[in-house]
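J.: Sharing a structure with you now.
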Amino acid sequence: MTDADWGPDSARLAAFDEGEWARVEAAFAGRLLSYVSRRVADVEAREDIVQETFLGAVRGIESFDTAYSFEQYLFGICRNRTIDQLRRHEVRGRGGEEDSAAASLDLESLATDEQTPSRILRRTDLADRGRDLLAASLQEWVELTWASGEMTRLMVVEGLLRGGKRNRDLWEPLGLRDEVSVAGIKFRALKKIRELLLAKEGAEEIGASLDGLAVEADAPMDVQSVWRDRRVSCPSRRWIARWLDGSLEPGPSRFIAFHIEELGCEWCEANRDDLVGAREQGHGEALEAVQGSSIRWLRSRAR
Ligand SMILES: [Zn+2]
C-alpha cells in the first residue's frame with residue numbers, strides 16, 4: 001500500500017503523466033470503492049462509477065482548483081457519478097420495488113447535502129474568495145486546537161458546525177458542566193477564528209460580517225457550510241490509520257470517533273472502510289478492474 005497521506009503532484013497530473021495517474025489509481029481506488037459500495041448495491045455499477053471517476057478526473061484536471069485537496073476533487077466527482085447511477089436506477093426501478101425505494105432514499109440524502117461538485121469545479125464569484133479565506137482561518141484554528149490538545153473544544157465546535165447540534169445537546173455527551181460551558185467555548189472559538197481571519201489580507205469585509213457570530217444563538221449557516229464542504233476538521237488518512245491500530249492518544253481518538261461514528265463524515269468513513277480491509281469485503285477483483293482506466297484513456301487520446 002502507498003503511504004497513507006500520499007498526494008499526487010498536480011503539475012504532473014496536468015501534464016497527463018501516466019505514472020502519476022497510475023499512482024493516483026493505486027492510492028485512491030480503495031477508498032472510492034468503499035464510498036460507492038456503501039451506496040450502490042450493484043457490483044459492476046460500482047466498478048463503473050470508480051472508473052468514470054478516474055476518467056472524469058483526468059478530463060477535468062485542467063480546471064482542478066488547488067484550493068481543494070486532490071482527494072476532495074476526486075470525491076466530488078465520485079459523488080456526482082454515484083448520484084447519476086442512483087438516478088438511473090431509480091428511473092429503471094420505478095414501480096414500487098423495495099430496492100428502488102432504498103436507492104431513492106440514498107439519493108435524497110446525497111443530493112441535498114451541502115457539498116456539490118460544481119462548487120469544486122466552478123468557482124468564479126467574489127464570494128468564493130471570502131469562502132477561501134474563511135476556510136483557511138477555520139483550518140488554522142483546527143490545527144492550533146489539535147496541536148494544543150484541546151480536543152473537547154474541537155469537538156464542541158465540530159458538533160455545532162458539522163453536526164448542526166445545539167448547546168443543550170452537547171454539554172452532557174462531551175462531559176461539560178452545562179450549556180453555558182458550551183456557549184463559552186463557542187464564543188472564544190469564534191472570537192479566535194475572527195482574529196485569524198482578520199490577520200489575512202483582504203478579509204476586512206468578511207470580518208465585519210463575522211462580528212455578530214459570537215453572540216448569536218445558532219451557528220451561522222455560512223460558516224457551517226464552509227466547515228463541512230472544505231472538510232476543515234477531517235483528520236488525515238494517517239491519523240485515521242493510527243486511530244484504527246490503537247496507537248493514537250485518547251483525545252484525538254475521541255475526536256476521530258466523534259467525527260466518523262457520531263457525525264458520520266462520509267469521506268473519512270470511506271477512508272476508514274478502505275483501511276480496515278476493503279479487500280476482505282470482496283474489493284480485490286473490483287480494484288483490479290478499475291486499475292488502468294485513466295491510462296487507457298490517456299493512450300487512446302494520444303493516438
Ligand atoms: Zn471527515
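J.: Could you run through region 240-267 and say how many residues are in a helix (DSSP H, G or I) and small (Gly, Ala, Ser)?
T.: Summing the residues that are in a helix (DSSP H, G or I) and small (Gly, Ala, Ser) in region 240-267 gives 4.
J.: Right, next: So, in region 187-211, exactly how many residues are at pLDDT below 90 and within 22 Å of ARG168 (Cα to Cα)?
T.: 3
J.: Let me ask something else. Within region 122-130, identify whether any single residue is at pLDDT 85 or above and among the small types (Gly, Ala, Ser), and answer yes or no.
T.: no
J.: Show the residue pairs meeting these rules: Cβ distance below 8 Å; 6+ apart or different chains; first residue within region 255-269 and away from the ligand (no atom under 11 Å from the Cβ); second residue hydroxyl-bearing (Ser, Thr, Tyr).
T.: none
J.: Of (1) modelled with pLDDT under 90; (2) within 16 Å of the ligand (Cβ to nearest atom), ASP218 satisfies all except one. Which?
T.: (2)
The values are calculated or read from the model by the stated rules, or taken from the named source; none is laboratory data. The shown structure was predicted, so the numbers you read here are calculated from the model rather than taken from an experiment. Cβ atoms come from the backbone with ideal geometry, glycine included; neighbour counts cover every protein chain shown.
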